[in-house]
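Here's the structure, in structure tokens; my notes come after.
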Amino acid sequence: MNASVPVREEASRNASPVRESRQGFVGRPRRRHGDGLKAAVYLAPGMLGFLCFIIVPLIASAIISLFDWSLFGGADFVGVSNYSRMLKGEDPAFWTVMRNTVVFALSYTALNLVISLGLSYWLQHLPDFWSRLLRVIFFIPVVTPMAGNALIWRLLLSDQGVVNAVIGKLGIGPISWLNTPSLAMASLLIMSLWQGLGYNIVVLTAGLNGLNTSVLEAAEIDGANGFQRFFQIVFPMISPTVFFCTIMTVIGAFKVFAQPYFLTAGGPGESTNTVVLYLYRNGFAFDKLGYASALAWVLFVVVMLLTALQFSQQKKWVNYDA
């Protein structure tokens, strides 16, 4: 009888983990039926806003684009006539503003990425105080109102502005920056770069600060110069960040509106008119809501195709394993 007691105690000890695990399994809190309702209540404001301000306007604009719709008049169904009008060349201004937009977007994106990447790399090698201070200075134009920025630039670039006053001291005659087609587009690019560089500088600087410095130190010890370290080590390691900046910059460049609207009003002629500015004028100045909606959808498709193209080509140069 006494010999059986240790056996029972041993058996109870061996069984206790099983009982504990079962108790632990059974004791886990079960999802209550009210959790889903509670989550729906929390999600409802955001989903309602998304539905009201994104989905409904998208559907409405798609429907309006099929009509000859006047802002204060009636609406006549015209099918795809608004689209065929612009794509078949019946509206020559469309291809002019599309060309202007493409030229601006490609030039702005390339210059923005090159300059912001160079400045970010330079800021990384400065003392921490100066790096932080300059990042703030570069970012200030991003958060300042575009109308105020454009007014300042118009004063700077006017015929009697500061820029002409300075170059006049050098013996160069006054230049009509905003009334010459090629110079107007260049002025628009310069102002847009000044306005938008800060965002990419902050993002790229954050990417550079996250690099593994031991890899760079090892490359320097192995004899790699600064050019080799940047293009063979630094750039591949921050390529995902550069890819993100490229996507966002291209999208922002194609929907540019405020800069030409406030700085040049799309002129001289149509030299700085862009798709979004042309869309705005058709909708609210020319009272052609249907055609303006069709322009918006064409621009949407163009931007989506370009974004899809960039994602399809990212494997060739974006390195996610760094």
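Read-outs: derived from the displayed coordinates by stated rules, not from any lab. Keep in mind that what you see is a predicted model, and the values were worked out from it rather than measured. So basically every Cβ, Gly included, is an ideal-geometry build from the backbone, and we count neighbours across all protein chains shown.
Observations on the structure shown:
- The alpha-carbon atoms of the stretch 159-256, seen along their principal axes, cover 55, 35, 19 angstrom, with the largest extent given first.
- The stretch between ILE59 and PHE230 holds 56.9 nm of extra length on full extension. This uses 0.36 nm per residue minus the Cα-Cα distance.
- Annotation: the residues TYR83, TYR199, TYR278, TYR42, sorted from fewest to most other C-beta atoms within 10 Å of their own C-beta, follow the order TYR42, TYR83, TYR199, TYR278.
- Compared with the dominant principal axis of the Cα atoms in the chain, helix 235-254 is inclined by about 50°.
- Column: log10 I(q)/I(0), Debye, Cα scatterers of the chain, q = 0.10, 0.12 Å⁻¹: -0.82, -1.04
- For the stretch 175-322, the residue among MET248, PHE231, VAL202 whose Cα projects farthest onto the positive side of the dipole built from Cβ charges is MET248.
- This ranking places MET304, MET86, MET248 by how few other beta-carbon atoms lie within 10 Å of each, fewest first, which gives MET304, MET248, MET86.
- Residue of VAL298, VAL242, VAL80 that the Gaussian network model of the chain assigns the largest fluctuation, springs spanning Cα pairs under 10 Å: VAL80
- Listed values for the stretch 208-225 are Karplus-derived 3J(HN,Hα) couplings in whole Hz (6.51 cos²θ - 1.76 cosθ + 1.60, θ = phi - 60°), namely 5, 5, x, 6, 7, 5, 5, 5, 5, 5, 5, 5, 5, 5, 6, x, 6, 7, and x replaces Gly and Pro.
- Taking the Cα centre of the chain as origin and assigning +1 to Lys and Arg Cβ atoms and -1 to Asp and Glu Cβ atoms, the resulting dipole is close to 900 debye.
- A dipole drawn for the chain from +1 and -1 charges on Cβ atoms has a positive end, and of SER131, PHE262, THR272 the residue lying farthest that way is SER131.
- Gyration tensor verdict on the stretch 76-223 (Cα atoms; rounded if a/c is under 1.5, prolate if a/b is larger than b/c, oblate otherwise): oblate
- About the Cα centre, charge dipole magnitude for the stretch 33-121 (Lys/Arg +1, Asp/Glu -1 at Cβ), debye: 200
- From the Kirkwood radius over Cα pairs of the stretch 127-170, Stokes-Einstein at 10 °C and 1.306 mPa s returns a whole-number translational diffusion coefficient of 127 µm²/s.
- Relative to the longest principal axis of the Cα atoms of the chain, helix 128-143 runs at roughly 60 degrees.
- With Cα atoms defining each centre, the stretch 306-322 and the stretch 172-235 are spaced 20 Å apart in the structure.
- LEU43-VAL102 pseudo-label distance in nm [points 7 Å out on the Cα-to-Cβ vector]: 4.2
- Under DSSP loop assignment and at most 12 Cβ neighbours within 10 Å, longest trypsin sites (Lys or Arg not before Pro)-free interval of the chain: 89-322
- Residues CYS245, CYS52, arranged from fewest to most other Cβ atoms within 10 angstrom of their Cβ, appear as CYS52, CYS245.
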